[in-house]
Structure formats: C-alpha cells, structure tokens
Amino acid sequence: MSTSGTVAAVDLGATSGRVILGHVDTDGVRMEHVARFPNGPVTLHEHDREALHWDVVELYRQVTDGLRQAFATHPAIVSIGIDSWAVDYGLLRDGRLLGLPSHYRDERHEGGVDRVHRRMDTAELYARNGLQHLPFNTVFQFAADPSLQLAQRALLIPDLLGYWLTGVQAAERTNASTTGVLNATTRGWDPALRAAAGLPAGLLPTLRDPGDRLGPLLPSVADAVGGQAPVTLVGSHDTASAVVAVPATEPDFAYISSGTWSLVGIELDAPVLSDAARDANCTNEGGVDGRVRFLKNVSGLWLLSESVRTWERGGYHIDLEALLASAAAVTAPVPVFDPADESFTAPGDMPARIAAWCGDHGLSAPASRAEFVRSILESLAAAYAETLATISTITGKDVRQVHIVGGGSQNRLLCQLTADRTGLPVLAGPVEATALGNILVQARASGFGGLRGASLEALRATIARTVEPVRYTPRADHTSPQSAPRRRMSV
C-alpha cells in the first residue's frame, strides 16, 4: 500500500467552482488550489418569460481547463472526483445534451408540485423518498419538464460532467437520494415515484456508490488535459462530501454545512420516515458508506450575499468584514424572520423582501445595513437552533456539540450566535470541508495514506489531525431580539 498520493477534487458550487489537488499521506491532507472560476445562472428568454439555466458547457470547459492546470502542476494525479449542488440535471438523447439544464431557482418547477401530488399524496411520497418538501426537488422538476418525453437519459450535474469526461453514464447514490425518485429504504430507484414524476422508461441510469471507479478519461479528454487518471465517484452531493470531513471525535454531534444553503442535521444508520419527521419537514438523504443524513435545509448565506448584491447595485461599496463588525456591535432589537419562507428563494432585492416580511408579521424592519445583516444572522442562528431541537426530539439523539463546516464557518458572528441560541459549543471549520471529503473518499478508494478500508470515523480522524476547529462557547448574557411566529413552507 502506498503511503502517499495526490488526487484532484472538482468542487462545484452555485456561485463558483474549484479544482483542488489533495496530497494525502499518513500525517493528513494538504490541499493545493490550482483553479477557481465563477458559476451562476444564465437568464434566457423563453416564450413569454425569462428563464434561469446553468451554462453547463462553459462549466465543463472550466473544469477541463482546471484539470489541465492540475496535471501541469502535478503529473502523477491518481484519481479525479467531482461534487456539486443537488437536484438539477441535464437531459440526453443519443448521448447529446438537449438544452441547458434549468436552475433550481427557476419558476418552471412550480407546476410540477401539483402534478406529482395529484398522482401521489404527500404521506406516501414521504414514506417512499423520505425527502423534505422543497418545490425544486428533482421529482417536481421532472414533472414540469416539457422536454422529458424527448430524452433517453437524465444525469445530475456531477454525473453529466463525469459522462463527458469518461463516456460512462451512471448515477452516484448520494446525489440520487436528493431527487425524490430514490426509495429511502431500499436505496434504489422507486417505480411508483418514477410514475408519479412521469418519467419515461430507461431515463434513470444505473446507480453507483462513492468509491466506485466510473472510468478512465476518454482519450480526447486525456489529450486535452495533459494526463490520464480514472474518475472516482465520491459523495457527489456536496453536502455528502462535506459531512465526511466533519472533524468529529465524539458520536453525539450535529453538523451545519453552511454556505449558500444551510444543511442542518445529524448522521444516522437508517432513515426516519415517521409522521413526526414528515410534519417537521425533515429529510433523509444518502451519505457516504450508506449513512443517512437526517437534516433540514433552512436557507443560508444566500440571504446575505443577495443583500450585498442589492446594495452594490445601488452604488454602495460594501466591505463585508467591516459590515459584519458593525452587525456584531448592534445593540438595538432586530427582527427574527423565517429564512425558509418562499419569498426569499428567488434572486432579487433581499432587504426589501425582509422588510416586507417584517411588515406582514407586525415587526419593525431593520433600519440600517448593519441591522439587516444582524437580522439575517440572528434569523439563521434561530433557525439552526429550532431545527436541531426538532431533530433531537424526533430521533431521540442527544446532541452535545455542533460542527459548522463550509464558508459559514468563517463568519464569526454567525458561529457565536449559533452557540448562543443552541446553548451548545460550536466547532467551526474546516472551510473546505466539501473538497476534503471528496479527497478522502478518493484516497481511500486508491489505497494510499493508510486509508484503504478505513471507516468513516477514521476518515474524520484524519481531518481532526489536519484541521483545528475554532471553538465558540455559548454566552449566558445573549438576549433575543424581537421575533414573530415562524411559518413552515407549505406543502
């Protein structure tokens, strides 16, 4: 068994993508960033509306260019792994893409919810797929997609890129679990769910697991990137990879993968499909090694980034660090709103929407940019605390500490407010949890760094040796701002 090796992690988010070299040995993991590129929706006019799409062809060009830089930096790469956001997909016919994939924030999916619920009621839907109701879940996107009957194959975003790299079509199971078409108990495609979505026969590919080899790079791709290495399936849903890299040393932990979205949950060995779980709108998503990520999606720093974009469009220069410091210094009461409200889903003027929400609920809107930021972070922390309390009640799991990973772990105010509101110690970091989880699954599959056959706990111990989280202790003197009754997203 080799003691060290290098892999390439392709980590794609809703706003940017990266190609990162992961150097793994028995001492831990060292990352080397070789490429970073923007990613975001493209607005196209379609009939009588403006539609949001992903420019996945440009994304593939950026990925291959990043891999070319990776091979130029380190020719002996032994594996490539891809992770991305969930739910969105491309349709293929005769191996060719039928148009740019729709963006999950596009309004197209709205008609799909009613179509699916006419064919299967919400109780049976949850009993089969175990998913939190989100109107952009793939099952609803499928039901609303007019191109579906023309297609022969649907591939989620990381699977589509993997197909273009290797010529092999497959569905990695952790990301497939977010579609609403995978059975949460059998972990296979569910015929009744396929029928509810109106899927043609053969549209869904063969399921594969993290650690499986997808295949070598196509010769033309290898020539273009200047090297050859197999593509290894990882937890291709970015949260599945992020949870692998939670540096937990004790079993009674919760995690918050905090970025554009916040995924708040715990890890279980089996799904929870009870009425209480459905009523609380909790979700059961697949994790690496067959684990279940029992969690809720409670929105995230999208609220802050959209607010900053709005202010910048208005001609203001925003220094985010200074703005966060001002928000931390706010002593006046600020409103706590429901970050999961559907009014905050689409891009746009987020401060105006927050102010409107407050007016609708009898609250005073924030009076300054600092108060808006404080209101956003207090609301997220309150949602985290409420979600963890609900999850603990439903599962009976006693959570003793909270790990925040991803970009939100750098937000000191958010981490401290989360500790204050949960009453639990918060351990923040690593920031690059998704890429680290991607790298470790590849290293284990490749058999180096002493990780061949390693358990998930052993992979986490490797992260704990590599990264020292920042600890936040609950403050006894934290006072709650004004708030309003919370509204759960309607089903």
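Table: residues versus (1) closer than 24 Å to Leu459 by Cα; (2) open to solvent by less than 10 Å² (accessible area, probe 1.4 Å); (3) basic (Lys, Arg); (4) modelled with pLDDT under 95.
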position: Arg208; (1), (2), (3), (4): yes, no, yes, no
position: Gln228; (1), (2), (3), (4): no, no, no, no
position: Thr232; (1), (2), (3), (4): yes, yes, no, no
position: Thr249; (1), (2), (3), (4): yes, no, no, yes
### Query
Is it the case that some residue within the stretch 156-166 is open to solvent by less than 60 Å² (accessible area, probe 1.4 Å), under 21 Å from Glu107 (Cα atoms) and of a type in the set (S, T, N, Q)?
no
### Query
Does any residue of the stretch 108-129 turn out to be in contact with a strand residue (DSSP E or B) (Cβ under 8 Å, 6 or more places away or on another chain), open to solvent by less than 10 Å² (accessible area, probe 1.4 Å), in contact (Cβ under 8 Å) with a residue 40 or more places away in the chain and farther than 22 Å from Pro191 by Cβ?
no
### Summary
Subset of the stretch 205-218, residues part of a loop (DSSP other than H, G, I, E, B) and out of contact with any Lys or Arg (no Cβ under 7 Å at 6 or more places or on another chain), comes to Thr206, Pro210, Asp212, Leu217, Leu218
## Note on the structure
Looking across the stretch 369-403 at residues that are in contact (Cβ under 8 Å) with a residue 24 or more places away in the chain and outside any helix (DSSP H, G or I), the single one that is most open to solvent (accessible area, probe 1.4 Å) is Arg400
### Task
Please go through the stretch 314-364 and pick out each residue that is under 13 Å from Leu304 (Cα atoms) and among the aliphatic types (A, V, I, L, M).
Ile318, Leu320, Leu323, Leu324, Ala327, Met350, Ala352, Ile354
### Task
For residues that are over 20 Å from the mean Cα position of the chain (by Cα) and either over 30 Å from His133 (Cβ atoms) or among the acidic types (Asp, Glu) (or both), tally how many sit in the stretch 45-95.
27
### Segments classed as strands (runs of 3 or more DSSP E), wholly inside the stretch 12-89, with at least 2 members that are out of contact with any helix residue (DSSP H, G or I) (no Cβ under 6 Å at 6 or more places or on another chain)
16-25, 28-38, 41-46, 49-54
### Task
Kindly provide the set of residues from the stretch 130-152 that are closer than 30 Å to Leu218 by Cα, out of contact with any Lys or Arg (no Cβ under 8 Å at 6 or more places or on another chain) and outside any helix (DSSP H, G or I), ordered by number.
Ser147
## Note on the structure
Just one listed residue, out of Gly198, Gly202, Gly180, Gly226, is in contact with a Ser or Thr (Cβ under 7 Å, 6 or more places away or on another chain), of a type outside the set (Ser, Thr, Tyr) and on the phi > 0 side of the Ramachandran plot, and it is Gly180
### Query
Is one or more of the residues making up the stretch 65-81 within 21 Å of Thr260 (Cα to Cα) and open to solvent by less than 30 Å² (accessible area, probe 1.4 Å)?
no
### Message
Which pairs turn up if I take residues in the stretch 1-19 that are free of Cβ contacts under 8 Å to residues at least 24 places away in the same chain and on the phi < 0 side of the Ramachandran plot and look for partners that are open to solvent by less than 20 Å² (accessible area, probe 1.4 Å) and hydrophobic (A, V, I, L, M, F, W, C) with beta carbon separation below 9 Å, at least 6 apart in sequence or on another chain?
### Response
Ser16/Phe37
### Query
Is there a residue in the stretch 404-425 that is open to solvent by 10 Å² or more (accessible area, probe 1.4 Å) and in a strand (DSSP E or B)?
no
### Query
Being surrounded by fewer than 16 Cβ atoms within 10 Å (Cβ to Cβ), farther than 22 Å from Asn411 by Cβ and in contact (Cβ under 8 Å) with a residue 12 or more places away in the chain, is that true of even one residue in the stretch 321-342?
yes
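The values are calculated or read from the model by the stated rules, or taken from the named source; none is laboratory data. As the structure is a prediction and not an experimental result, all values here were calculated from the model. Methodologically, a virtual Cβ is constructed for each residue, glycine included, from the backbone with ideal geometry; neighbour enumeration extends over all protein chains shown. When the accessible area is computed, the model is the full protein with side chains, heavy atoms only, and any ligands, DNA or RNA have been set aside. Shrake-Rupley method; radii C 1.70, N 1.55, O 1.52, S 1.80 Å.
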